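The values are calculated or read from the model by the stated rules, or taken from the named source; none is laboratory data. These numbers come from a predicted model, not from an experiment. FYI the Cβ positions are ideal-geometry reconstructions off the backbone, even for glycines, and counts take in every protein chain you see.
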Amino acid sequence: MVEECSELVHVPHAGEGLLRPVASVDELVTDFQEYQKLVEKLLVSDDYQKISDKEFKKKSAWRKLSKAFGISDNIVEKIIERDEAGRVFYAEFTVEATAPNGRQTTGWGSCSIRERDFSKPDHDIPATAHTRAKNRAISDMIGAGEVSAEEMIGEKATKKNPAPKEDDGLTTKEMKEHIKDYMLTMYGKEGAMDELEELTTFKDKKTGEVVKGKRQLEKLTAKQTPFIYREMKERFEAYVEQGDEEVIEDGVIVE
């Protein structure tokens with residue numbers, strides 16, 4: 001005869017007990033060290049953008065990491081707003097990232113025409129919003145929690161360049177501040193000085209001699225400053241667009 005025995009088992013209710021790591025401390029530290037090693041080996045200088053003396057990972061960096069970890073993504077929601085003339089002035093995207101183990105994270109990103117003068121707003125605004133959302137989803141999935149370069153550019157542009165006017169209405173001092181931001185972001189300190197020198201070098205009409213340009217912003221004249229400002233502004237917009245190469249067709253992003 002088989003004896004039946006029973007045992008009371010305590011089933012903890014939701015909220016009971018401590019939240020514990022999914023692995024041991026050593027395993028978690030090893031995983032993080034491997035991630036750092038991957039970043040060092042996989043990414044190159046072109047995958048970073050320097051903004052205010054700090055480096056941020058660009059779109060290309062997050063795409064490489066996404067491929068390395070086998071992360072897929074899809075757009076779950078998008079909002080594209082147009083003005084009365086049919087031109088895009090605002091866009092926001094929600095992107096869902098999925099890991100091979102089924103884990104999912106969601107990233108949200110937006111872009112507004114108030115950030116800067118877009119040369120192709122119908123393309124640039126939705127593409128930038130999508131890039132920011134995708135970067136955020138990938139970053140959260142990996143657990144890095146980092147802010148991408150594209151997000152920082154938007155934040156910096158919104159603060160420093162709110163709704164630029166056609167002539168921008170800036171003083172010489174303000175234009176020089178913008179020139180400094182644009183050039184340091186694109187070229188770094190030494191590169192900015194070289195670029196400024198090249199832009200201000202000219203040939204004397206009377207003597208035919210080449211007059212070496214200026215390497216310091218403070219030495220720019222009131223006449224030179226607007227020219228340099230417009231040139232750097234156009235280059236910076238093109239520089240930002242290089243990271244947003246998606247094509248918009250009938251409101252749908254095709255990569």
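Just one residue in the set Phe89, Phe118 is assigned to a strand (DSSP E or B) and in contact with an Asp or Glu (Cβ under 8 Å, 6 or more places away or on another chain); that residue is Phe89. Restricting segment 24-56 to residues that are in contact with a strand residue (DSSP E or B) (Cβ under 6 Å, 6 or more places away or on another chain) and touching a residue at least 12 places away in the same chain (Cβ under 8 Å), the residue that is nearest to Ile142 (Cα to Cα) is Phe56.
Could you list all residues from segment 148-188 that are modelled with pLDDT under 85, within 30 Å of Ser45 (Cβ to Cβ) and of a type in the set (D, E, K, R)? Glu150, Glu151, Glu155, Lys156, Lys159, Lys160 - these are the residues of segment 148-188 that are modelled with pLDDT under 85, within 30 Å of Ser45 (Cβ to Cβ) and of a type in the set (D, E, K, R).
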